[in-house]
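The values are calculated or read from the model by the stated rules, or taken from the named source; none is laboratory data. It should be emphasised that the depicted structure is a prediction, and the values quoted were computed from it without experimental measurement. Reconstructed Cβ throughout: ideal geometry from the backbone, glycine too, with neighbour counts over all protein chains shown. Heavy atoms of the whole protein, side chains included, go into the accessibility calculation; ligands, DNA and RNA do not. Shrake-Rupley method; radii C 1.70, N 1.55, O 1.52, S 1.80 Å.
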Amino acid sequence: MKIKSLYIAAQEKNAGTLFVSMGMMEILKRNLHRVAFFRPIIFSKDIQDGDISFIRERYNLDIAYEECYGYDIAEVEEHIAQGKDSELIENLITKFKKLESEYDFVLCEGIRKSFLTSTISYDLNVKIAQNFGAPYINIINAKDKNPKEVYEEVIIENEYSTSVGCTHFASFINRASDENSKTLKKLFSKTKYTAYILKELEELNLPTIKDVMESLDAKSIVLGEHDMLRVIRSVKVAALTLDNFLDNIEGGDLVIVPADRSDIIVGLYGAMHSANYPSISAIVFPFDMKIHPNIQKLIDGLDGAKVPILSVKSDTFNTAVNIMKIHSRLRVNSERKIALALGLFNESVDVKAIEEKIATTYNDIMTPQMFEYKLFAMARQNKKRIVLPESSDERILRAAEILLRRDVAEIILLGDEKELREHYMRLGLDLSKATLMNPLKSKYQEEFALRFYEKRKHKGLSRDAARDAMTHLSYFATMMVECGYADGMVSGAIHSTADTIRPALQIIKTKENVSIVSSLFFMCFETKVLVYGDCAINEDPNAQELADIAIASADTANTFSITPKVALLSYSTGESGHGVDVDKVRAATALVKEKRPDLLVEGPIQYDAAINKEVARIKLPDSKVAGAATVFIFPDLNTGNNTYKAVQRSSGAIAIGPVIQGLKKPVNDLSRGCLVEDIVNTVAITAIQAAEIL
């Protein structure tokens, strides 16, 4: 019987239970529509459980908070004290089985070590898992332990759990040092148990400004939109003169300084904008002191990133002590930490093996979140180099960091290396794994100019004009793709669609037997993803071009695991209508069937007949596409662009695109109003296209 649940538990504090739960939820949500998260025992019903709140919000789970837990500690102790242990387990089973019957999968997270009391032992986790019939995942904290201790601890725990009837699913050894990781892998390679070793990543344990504000009840004096998530690597007290103190600052420092030390404050701001000093994370004023109005005026007038400033009531000494005690929390909006954690998880864990082991029921439901996860998984399978020419845009830099941390693609950023590095460091980002390249100083300039000249000289292009073109970011980036120094390009956050597509048409050009470059949008509805094409490029394609758009869209859909059932849309269905427009669609449909007899295609067909099974039964009862179409081809740009926007706004669907198709190598365009997540998705799509072409 296929399993429908897993039970995660850790014996020790700070073992990374939420981290492992998040990693497992990523795998589950990539394949399943309805997943429940259940904690049999929480600390208190009067306090929101952090893990439940995080998982529900992060993965947009369709489950009420109250359904995500069974009892709190006080109720458990009362049951045990009254000898009602069996009743406790029975009630938990009843609640769990209800979830199991209503959801595709239930991920359980066990009792925390900090919850255990003299009457509640860790054995209760094993007992609950046993009665749930849920395979067991145990987490071991390897920090400050030698490999032998960790190995023996895992073996003892696994032998115990299996001896009482639990099925061991996997062990996660978390927070292991680099040296110990190698030894542990050798030790566990000889056992029957599946074990994954996850290395210690310092940043995951570092507090953020948000943690400081919550723990110390700090007030914000200067705080940018993204500053809450800046990490704090160390704490410094500014007791020296400015010239001496500057020698002691390090990147990520939180500096405690009285508000009347204007020299230190101005000096730290200067250091942030200097290439010769590292950028600190924050400044904290003790005693709730107020900054001098002139210094505040000076800061308010600065452009770009600013050093966050907080104030607290405590004195300098106690402020430093309190900050050192702060425990880092993983939050839903901690995208940088989440990206780092998921990158580590995917690097350390055999995701395919876990998916095969789960072996749960799959269906054709595809949510936007599932589609996004599939994009990342597909891109990681054959990682490609994607060039982003618009590195001056903050959104591009933030997206690049997420892509690198989630190991989706290798990233090339164009621009002055020094300025780029200073820019992303001022934003508190880590793009050390990205390749930075200055086109104006690149060794490829002459090679690219000559190649462009050879491609366009028949159009009257001069050598000087070719050299000038290579000083433009879009042209240089496109030539990188053409020459194989990058596998794909994403642009358009700053530049127009024409600025992105024109160089691609001149340099990369279209695939053989493709008459036209076109686009499509992935329209992500609540439980399915449809393909709309062409909604962004071609104003009024003829029958031949429309057929090529349909074939290209079907192939793109297939690349992204969407079974293509192609509907060529018109105002008429079947043979019921006539006229220039409907005849064009009819001719295009015939061409598609002739060129690609392997495709399921219908046209001309109205939108309602293509998507609604009831309408399809009336209008085209024998069609294999009607009522079940997944690829919708619009007859012209006016219809397509208006339809996708109308559907997007009226239904709440998420539109991912435009995705450009028909080029020999992938180049994709962004909207100038794009969000960071749009850029991340588009880069993942480009990487997948590159892998498919190569």
* Asked: Does Leu620 qualify as being under 12 Å from Ala567 (Cβ atoms) and of a type in the set (A, V, I, L, M, F, W, C)?
  -> yes
* State yes or no: is Ser474 open to solvent by 60 Å² or more (accessible area, probe 1.4 Å), touching a residue at least 40 places away in the same chain (Cβ under 8 Å) and either under 19 Å from Ser491 (Cα atoms) or in contact with a helix residue (DSSP H, G or I) (Cβ under 9 Å, 6 or more places away or on another chain) (or both)? => no
* What are the residues in segment 499-534 that are modelled with pLDDT of 90 or more, over 30 Å from His33 (Cα atoms) and assigned to a strand (DSSP E or B), if any? -> Ser518
* Asked: Could we say that Ile338 is under 30 Å from Phe169 (Cα atoms), more than 19 Å from the chain's Cα centre (by Cα) and open to solvent by less than 30 Å² (accessible area, probe 1.4 Å) here?
  -> no
* Asked: Can you name the residue in segment 408-426 that is surrounded by fewer than 19 Cβ atoms within 10 Å (Cβ to Cβ) and touching a residue at least 12 places away in the same chain (Cβ under 8 Å) and, of all such residues, is farthest from Met489 (Cα to Cα)?
  -> Arg426
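Please find, among Ile537, Ile562, Ile551, the residue that is in contact with a Lys or Arg (Cβ under 6 Å, 6 or more places away or on another chain) and either farther than 21 Å from Gly415 by Cβ or assigned to a loop (DSSP other than H, G, I, E, B) (or both).
Ile551
Yes/no matrix, rows are residues, columns are (1) touching an Asp or Glu at 6+ places or on another chain (Cβ under 9 Å); (2) of a type in the set (A, V, I, L, M, F, W, C); (3) part of a strand (DSSP E or B); (4) closer than 17 Å to Met523 by Cα:
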site	(1), (2), (3), (4)
Ala609	yes, yes, no, no
Pro635	yes, no, no, no
Gly640	yes, no, no, yes
Gln648	no, no, no, yes
Asn668	no, no, yes, yes
Asn681	yes, no, no, yes
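Quick grid of which residues meet (1) touching a residue at least 40 places away in the same chain (Cβ under 8 Å); (2) of a type in the set (Val, Ile, Thr); (3) under 30 Å from Ala400 (Cβ atoms):
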residue: Ser262; (1), (2), (3): no, no, no
residue: Val307; (1), (2), (3): yes, yes, yes
residue: Ala320; (1), (2), (3): yes, no, no
residue: Glu335; (1), (2), (3): yes, no, yes
residue: Asp350; (1), (2), (3): yes, no, yes
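Here's the yes/no breakdown for (1) of a type in the set (D, E, K, R); (2) part of a helix (DSSP H, G or I):
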{"residue": "Gln296", "(1), (2)": "no, yes"}
{"residue": "Ala305", "(1), (2)": "no, no"}
{"residue": "Ser314", "(1), (2)": "no, no"}
{"residue": "Asn318", "(1), (2)": "no, yes"}
{"residue": "Arg329", "(1), (2)": "yes, no"}
{"residue": "Asn333", "(1), (2)": "no, no"}
{"residue": "Ile338", "(1), (2)": "no, yes"}
{"residue": "Leu342", "(1), (2)": "no, yes"}
* Is there any pair with a first residue in segment 196-215 that is touching a residue at least 60 places away in the same chain (Cβ under 8 Å) and a second that is among the hydrophobic types (A, V, I, L, M, F, W, C) and open to solvent by 30 Å² or more (accessible area, probe 1.4 Å) whose Cβ atoms are under 7 Å apart and which are 6 or more apart or on different chains, and what are they? -> Leu201/Leu340; Glu203/Leu340; Leu204/Leu340; Thr208/Met228; Thr208/Leu229; Ile209/Met228; Lys210/Met228; Lys210/Leu229
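Condition first: modelled with pLDDT of 90 or more and buried (at least 23 other Cβ atoms within 10 Å of the Cβ). Now tell me which residues in segment 566-583 satisfy that.
Listed by number, the residues that qualify are Val566, Ala567, Leu568, Leu569, Ser570.
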* **Residues satisfying the stated conditions in segment 253-280, i.e. under 31 Å from the mean Cα position of the chain (by Cα), open to solvent by less than 10 Å² (accessible area, probe 1.4 Å) and at pLDDT 90 or above** => Asp253, Leu254, Ile280
* Asked: What are the pairs, 6+ residues apart or on separate chains, where a residue within segment 80-104 that is open to solvent by less than 80 Å² (accessible area, probe 1.4 Å) has its Cβ under 7 Å from a residue that is charged (D, E, K, R)?
  -> Ile89/Lys127; Leu99/Glu67; Glu100/Lys4; Tyr103/Arg34; Asp104/Arg34
* Asked: Can you tell me which residue in segment 223-244 is most open to solvent (accessible area, probe 1.4 Å), limited to those that are touching a residue at least 60 places away in the same chain (Cβ under 8 Å) and in a loop (DSSP other than H, G, I, E, B)?
  -> His226
* To do: Could you grab me the full set of residues in segment 402-418 that are assigned to a loop (DSSP other than H, G, I, E, B), more than 18 Å from Pro389 (Cβ to Cβ) and touching a Leu at 6+ places or on another chain (Cβ under 7 Å)?
  => Arg406
* **Any hit, segment 574-585, residues being under 21 Å from Ile654 (Cα atoms) and not in a helix (DSSP H, G or I)** => no
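From the residues in segment 187-222 that are among the polar types (S, T, N, Q) and within 26 Å of the chain's Cα centre (by Cα), which one is most open to solvent (accessible area, probe 1.4 Å)?
Narrowing segment 187-222 to residues among the polar types (S, T, N, Q): 189, 191, 194, 205, 208, 215, 220.
Still in the list and also within 26 Å of the chain's Cα centre (by Cα): 205, 208.
Numbers: Asn205: 68, Thr208: 4 Å².
Once the filter is applied, the top-ranked residue is Asn205.
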* Asked: Say we look at segment 24-63 and pick out the residues that are farther than 27 Å from Ser561 by Cβ and hydroxyl-bearing (Ser, Thr, Tyr); which of these is modelled with the highest pLDDT?
  -> Ser53
* Asked: Filter segment 284-294 for residues that are without any contact (Cβ under 8 Å) to a residue 60 or more places away in the chain and within 19 Å of Ala218 (Cβ to Cβ); which is surrounded by the most Cβ atoms within 10 Å (Cβ to Cβ)?
  -> Pro286
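Given the condition modelled with pLDDT of 90 or more and buried (at least 17 other Cβ atoms within 10 Å of the Cβ), answer yes or no: does some residue in segment 110-121 qualify?
Yes, segment 110-121 contains a residue that is modelled with pLDDT of 90 or more and buried (at least 17 other Cβ atoms within 10 Å of the Cβ).
Would you confirm whether any residue within segment 477-487 is in contact with a strand residue (DSSP E or B) (Cβ under 7 Å, 6 or more places away or on another chain), assigned to a loop (DSSP other than H, G, I, E, B) and either modelled with pLDDT of 90 or more or open to solvent by 40 Å² or more (accessible area, probe 1.4 Å) (or both)?
Scanning segment 477-487, I find at least one residue that is in contact with a strand residue (DSSP E or B) (Cβ under 7 Å, 6 or more places away or on another chain), assigned to a loop (DSSP other than H, G, I, E, B) and either modelled with pLDDT of 90 or more or open to solvent by 40 Å² or more (accessible area, probe 1.4 Å) (or both), so the answer is yes.
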* Asked: Considering segment 432-470 alone, what residues qualify as being open to solvent by less than 70 Å² (accessible area, probe 1.4 Å), assigned to a helix (DSSP H, G or I) and touching a helix residue (DSSP H, G or I) at 6+ places or on another chain (Cβ under 6 Å)?
  -> Pro439, Phe448, Ala449, Phe452, Tyr453, Ala466, Ala469
* Asked: Which residues, counting only those in segment 613-638, are of a type in the set (S, T, N, Q) and surrounded by fewer than 17 Cβ atoms within 10 Å (Cβ to Cβ)?
  -> Asn638
* Taking interchain pairs and intrachain pairs at least six residues apart, which have beta carbon atoms under 6 angstrom, with the first residue in segment 429-454 and touching a residue at least 24 places away in the same chain (Cβ under 8 Å) and within 15 Å of Ser474 (Cα to Cα) and the second of a type outside the set (S, T, N, Q) and loosely packed, with under 15 Cβ neighbours inside 10 Å? -> Asn438/Glu417
* Enumeration of residues in segment 653-672 that are open to solvent by 60 Å² or more (accessible area, probe 1.4 Å) and over 30 Å from Cys483 (Cα atoms) -> Ile654
* For segment 15-25, state whether one or more residues are in a loop (DSSP other than H, G, I, E, B) and of a type outside the set (Ser, Thr, Tyr). => yes
